[in-house]
Amino acid sequence: QVQLVESGGELVQPGQSLRISCKASRVMFSKNDWAWYRQAPGKQRELVARISTTDITNYADFVKGRFTISRDNAKRAVHLQMNNLIPEDTATYYCNTLPQGSNWGQGTDVTVSS
């Protein structure tokens, strides 16, 4: 079973920045595309950003220009740098492969509020 552990989420004010991280136990980490997803209360989970095995990145329109996804294959980690946060970014953030795997971590909560 793949273990996914997200961390770094916290309460921040609008306009501030935050970096969240994901540590994965997947043996073939470097051979998968990885992504960040998020789910706000009462809403469906949505794809935020992805990074390919060759470091090609793609972002959802609502975070483009503000968020940056990166990966560290040696540490089997994925990071999401979030700048200029807005209240609509408030959600639980999850990492997973893309296409998504069946196992999910507990996520990390990001709250953007004044």
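The values are calculated or read from the model by the stated rules, or taken from the named source; none is laboratory data. Just so it is clear, the structure is predicted and the values come from calculations on it, not from any experiment. So basically every Cβ, Gly included, is an ideal-geometry build from the backbone, and we count neighbours across all protein chains shown. These accessible areas exclude ligands, DNA and RNA; they are computed on the full protein's heavy atoms, side chains included. Shrake-Rupley method; radii C 1.70, N 1.55, O 1.52, S 1.80 Å.
Within region 1-15, count every residue that is of a type outside the set (Val, Ile, Thr), at pLDDT 95 or above and open to solvent by 80 Å² or more (accessible area, probe 1.4 Å). Spell out how you get there, then give the answer.
Step one: list which residues in region 1-15 are of a type outside the set (Val, Ile, Thr), which gives 1, 3-4, 6-11, 13-15.
Next cut, at pLDDT 95 or above only: 4, 6-11, 13-15.
Checking which are open to solvent by 80 Å² or more (accessible area, probe 1.4 Å) leaves us with 10-11, 13.
Here the count works out to 3.
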Subject >> Residue under evaluation VAL27, criteria (1) part of a strand (DSSP E or B); (2) more than 18 Å from VAL112 (Cα to Cα), criterion not met >> reply: (1)
Original post:
For region 33-47, what are the residues that are assigned to a strand (DSSP E or B) and either in contact with a helix residue (DSSP H, G or I) (Cβ under 9 Å, 6 or more places away or on another chain) or open to solvent by 90 Å² or more (accessible area, probe 1.4 Å) (or both)?
Top reply: ARG38
**OP:** State whether one or more residues within region 34-45 are among the small types (Gly, Ala, Ser) and on the phi > 0 side of the Ramachandran plot.
**Re:** yes
Subject >> Single unsatisfied condition, LEU80 versus (1) open to solvent by 10 Å² or more (accessible area, probe 1.4 Å); (2) among the aliphatic types (A, V, I, L, M); (3) under 25 Å from MET28 (Cβ atoms) >> reply: (1)
**OP:** Return the only residue of SER30, SER52 being free of Cβ contacts under 8 Å to residues at least 60 places away in the same chain and surrounded by 14 or more Cβ atoms within 10 Å (Cβ to Cβ).
**Re:** SER52
Original post:
Based on what the data block shows, is ARG19 touching a residue at least 60 places away in the same chain (Cβ under 8 Å), open to solvent by 30 Å² or more (accessible area, probe 1.4 Å) and not in a strand (DSSP E or B)?
Top reply: no
Subject >> In region 70-114, the residues that are among the aliphatic types (A, V, I, L, M) and touching a residue at least 60 places away in the same chain (Cβ under 8 Å) >> reply: LEU80, MET82, LEU85, ILE86, LEU98, VAL110, VAL112
